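Asker: Structure below; questions to follow.
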Amino acid sequence: MSLAVQQSEALSARLDHVRKALIAIDQAHVLTFANELSSEALAAFLDQIEGLGIHRLASWAKEAVIQANATVDAFEPAQYRALHDRDRDADQYRSIGQDLLRAGKVAAFVVAGGQGTRLGLEGPKGMFAATPLRKLSLFQSFAEQLLAARQQYGVSVPWYVMTSPLNHDQTAGFFAQNDFFGLDPHDVFFLTQGVLPSYDFSGRLLLSEPGCLATHPDGHGGSLRALVESGAIEDMRRRGIEQLSYFQVDNPLVSILDPLFLGLHVAAPNSSCEMSAKTLRKRNADEPVGVFVQQGHQTRIIEYSNMPKALQIACDSQGHLLYDAGNPAIHLLSVAFIEHLMARGDLGLPLNRAKKIVPHIDLQTGAHVTPSAPNAIKLEAFVFDALPFAKSVALLEIDRFEEFAPIKNSMGADSPQTSMALQAERAARHLEAYGIRMPRKADGSLDCVIEITAQAEPQLHQIQNDEAHQVFESGAQYLLCVKEGRLQVDRLL
Ligand code: UTP
């Protein structure tokens, strides 16, 4: 028998085996077009199905069709700390955090595997031109912070970048085309998250192509498994990294290496924390963010959609929201904690369901269909569901003007427009804190555009002496940067 015949028979046997297993879990419809595929395409399709695991395809299907939101046991508002610049505690924590940074024990970790459907961008969101003046991409703006930290602390901070199979090549290519934004490529480690299949509302798998299951990235909670399976954790151990600063790709105001937060995380009053989080006060009861709550010894986040309305609007005697600790998705995790979680075998993070539009193949005609309304369930794990597993958690309140300007939507709230305005507003407030007058409109909004480079941030105090008479004019554009070690204000328009 020729090799080709042997291979063809082996492939048919494999197909029969997979078909039987799929019939047993009521998902054999995905093989509708199997006989029309080339041998290579069929082998790749069977690899995909077996790689996901038949038993897991069945158990995820069950999760996909559970209709009710998970019920949540009784909880109370989480306690959080606000540490103001002049607190003695803040000084102490900041200095502990700076020591950690100087000792090279901290790494940065961005999760950038999302699909960014609300923004409606083709390609990775990290490539989006996000800053108000220079229009730096999100990735470049983060790289700029890491370069400034290298200067400030005298060490290179390794950067772990999580992509998804859908955007990995484009992301890695973007870094390469831009010479890693001045970072040492050895200090940038890409890891790719896993995927989960999409189901229709009755729990049936969908096809994205005649020989391919429709899949999507497994959520930012998939990052913990990806860190371990990619070898990133091993790499951290080799480098002596102890703490990981987790942030999302869509918040250009995030302070990636905040010494105060780091200090509180490792030297909180009770013990060093395994996972910590920043929190910001919700703007109002309706702001659609998750809130931190306490359940006995456990801190957790209740998603906006799972929060009973009565609790969402509940106020204390002074009229302040009881559940006001919103989640800006900024965390610190100890490397030991991630290893400990992974040692439990399965991480055990719950999967959350969301109704989404998923283009798919019509099984009758074989045609591609893009529905106009949600037709499918996507399952995703959330990284904050690791919080209840942490023995100790510190919650640090932040000022939203300082650290939160997310880019989620193409227009309206949390859009590029609002984010750029917030970035400029933060810069203006920093200058005003040094007594500089900024042009403002009658409604108080800023009447010029300013951007401050990450390198210039620590030098801003110089403006008090050198630029005291600087006049910032309405309608103009200013870049504050450092040249030859000195702060410089460049008027661009
Ligand atoms: P979002 O929950 O805002 O989702 O992600 P998204 O995919 O970016 O955008 P939409 O919902 O499709 O419009 C928050 C952060 O988590 C990352 C995103 O890249 C972003 O930094 N993320 C999300 C992942 O890395 N992987 C995922 O599977 C999901």
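Asker: Within 19 Å of His331 (Cβ to Cβ) and of a type in the set (Ser, Thr, Tyr): which single residue out of Ser392, Ser410, Ser419 fits that description?
Answerer: Criteria check complete, one pass: Ser392.
Asker: If a residue has to be of a type outside the set (A, V, I, L, M, F, W, C), more than 17 Å from Asp26 (Cβ to Cβ) and open to solvent by 40 Å² or more (accessible area, probe 1.4 Å) to count, how many in region 190-209 make the cut?
Answerer: 2
Asker: Count, please, the residues in region 136-162 that happen to be out of contact with any Phe, Trp or Tyr (no Cβ under 6 Å at 6 or more places or on another chain) and within 12 Å of the ligand (Cβ to nearest atom).
Answerer: Looking only at that region, the number is 3.
Asker: When region 109-142 is examined, which residues are found to be under 22 Å from Ala427 (Cβ atoms), touching a Pro at 6+ places or on another chain (Cβ under 7 Å) and outside any helix (DSSP H, G or I)?
Answerer: Matches in region 109-142: Ala130, Thr131.
Asker: Then there's this: Search region 210-234 for residues being more than 16 Å from the ligand (Cβ to nearest atom) and in a loop (DSSP other than H, G, I, E, B), and hand back the single one that is most open to solvent (accessible area, probe 1.4 Å).
Answerer: Pro210
Asker: Give just the number: which of (1) at pLDDT below 95; (2) of a type in the set (Lys, Arg); (3) surrounded by fewer than 19 Cβ atoms within 10 Å (Cβ to Cβ) does Arg237 not satisfy?
Answerer: Every condition holds for Arg237 apart from (1).
Asker: Going through region 398-430 one residue at a time, which ones are more than 22 Å from Ala90 (Cβ to Cβ), crowded, with 18+ Cβ neighbours inside 10 Å and among the hydrophobic types (A, V, I, L, M, F, W, C)?
Answerer: Of everything in region 398-430, those that are more than 22 Å from Ala90 (Cβ to Cβ), crowded, with 18+ Cβ neighbours inside 10 Å and among the hydrophobic types (A, V, I, L, M, F, W, C) turn out to be Ala405, Ile407, Met420, Leu422, Ala424, Ala427, Ala428.
Asker: Ok, one more. Just one of the numbered conditions (1) within 30 Å of Leu395 (Cα to Cα); (2) of a type in the set (D, E, K, R); (3) surrounded by fewer than 14 Cβ atoms within 10 Å (Cβ to Cβ) is not true of Glu40; which one?
Answerer: Against the list (1) within 30 Å of Leu395 (Cα to Cα); (2) of a type in the set (D, E, K, R); (3) surrounded by fewer than 14 Cβ atoms within 10 Å (Cβ to Cβ), Glu40 comes up short only on (1).
Asker: Residues of region 319-350 being open to solvent by 40 Å² or more (accessible area, probe 1.4 Å) and within 16 Å of the ligand (Cβ to nearest atom), which ones?
Answerer: Result: Pro350, single match.
Asker: Based on this model, can you work out whether Thr131 counts as under 26 Å from Glu242 (Cα atoms), in contact with a Ser or Thr (Cβ under 6 Å, 6 or more places away or on another chain) and either of a type in the set (Val, Ile, Thr) or surrounded by fewer than 22 Cβ atoms within 10 Å (Cβ to Cβ) (or both)?
Answerer: Taking the combined requirement at face value, the residue does not satisfy it.
Asker: Could you check region 467-485 and list, in sequence order, the residues that are modelled with pLDDT under 90 and surrounded by 18 or more Cβ atoms within 10 Å (Cβ to Cβ)?
Answerer: Correct list: Glu467 only.
Asker: Return yes when Pro252 is touching a residue at least 40 places away in the same chain (Cβ under 8 Å), open to solvent by 10 Å² or more (accessible area, probe 1.4 Å) and outside any strand (DSSP E or B) and no when it is not.
Answerer: Values: touching a residue at least 40 places away in the same chain (Cβ under 8 Å): yes; open to solvent by 10 Å² or more (accessible area, probe 1.4 Å): yes; outside any strand (DSSP E or B): yes.
The answer is yes for Pro252.
Asker: Sticking with this structure for a sec: Scan region 1-23 for residues that are in contact with a helix residue (DSSP H, G or I) (Cβ under 8 Å, 6 or more places away or on another chain), under 25 Å from Asp362 (Cβ atoms) and either in contact (Cβ under 8 Å) with a residue 40 or more places away in the chain or open to solvent by 60 Å² or more (accessible area, probe 1.4 Å) (or both) and jot them down.
Answerer: Arg19
Asker: Could I ask something else about it? In region 442-493, how many are of a type in the set (Lys, Arg) and in contact with a strand residue (DSSP E or B) (Cβ under 7 Å, 6 or more places away or on another chain)?
Answerer: 1
Asker: Related question: Which of the following residues is within 30 Å of Lys135 (Cα to Cα) and open to solvent by 60 Å² or more (accessible area, probe 1.4 Å): Pro288, Pro259?
Answerer: Pro288
Asker: Can you tell me which residue is farthest from the chain's Cα centre (by Cα) among those in region 386-431 that are acidic (Asp, Glu) and part of a loop (DSSP other than H, G, I, E, B)?
Answerer: Asp399
Asker: Gln464 is checked against (1) open to solvent by 40 Å² or more (accessible area, probe 1.4 Å); (2) part of a strand (DSSP E or B) and fails just one. What number does that condition carry?
Answerer: (2)
Asker: Here's a follow-up. Criterion first (touching a helix residue (DSSP H, G or I) at 6+ places or on another chain (Cβ under 6 Å), under 27 Å from Val228 (Cα atoms) and of a type in the set (D, E, K, R)) does Arg102 satisfy it?
Answerer: yes
Asker: Which of the residues spanning region 308-359 are touching a Pro at 6+ places or on another chain (Cβ under 8 Å) and part of a strand (DSSP E or B)?
Answerer: Ala325, Lys355, Lys356, listed by residue number.
Asker: Any idea which of (1) touching a Ser or Thr at 6+ places or on another chain (Cβ under 8 Å); (2) among the hydroxyl-bearing types (Ser, Thr, Tyr); (3) not in a loop (DSSP other than H, G, I, E, B) is the one Ser95 doesn't satisfy?
Answerer: All conditions are met except number (1).
Asker: Still on this structure, I have one more. Does region 262-287 hold any residues that are under 28 Å from Cys315 (Cα atoms) and touching a Lys or Arg at 6+ places or on another chain (Cβ under 7 Å), and which are they?
Answerer: Of everything in region 262-287, just one residue is under 28 Å from Cys315 (Cα atoms) and touching a Lys or Arg at 6+ places or on another chain (Cβ under 7 Å), namely Leu280.
Asker: Next question. Has region 462-480 got any residue that is under 30 Å from Arg300 (Cα atoms) and in contact with a helix residue (DSSP H, G or I) (Cβ under 8 Å, 6 or more places away or on another chain)?
Answerer: For region 462-480, residues under 30 Å from Arg300 (Cα atoms) and in contact with a helix residue (DSSP H, G or I) (Cβ under 8 Å, 6 or more places away or on another chain): absent.
The values are calculated or read from the model by the stated rules, or taken from the named source; none is laboratory data. Nothing here was measured: the structure is a model prediction, and the numbers come from that model. Cβ coordinates were reconstructed from backbone atoms using ideal geometry, including for glycine residues, and neighbour counts include every protein chain displayed. The accessibility values were calculated without ligands, DNA or RNA, using every heavy atom of the protein model including side chains. Shrake-Rupley method; radii C 1.70, N 1.55, O 1.52, S 1.80 Å.
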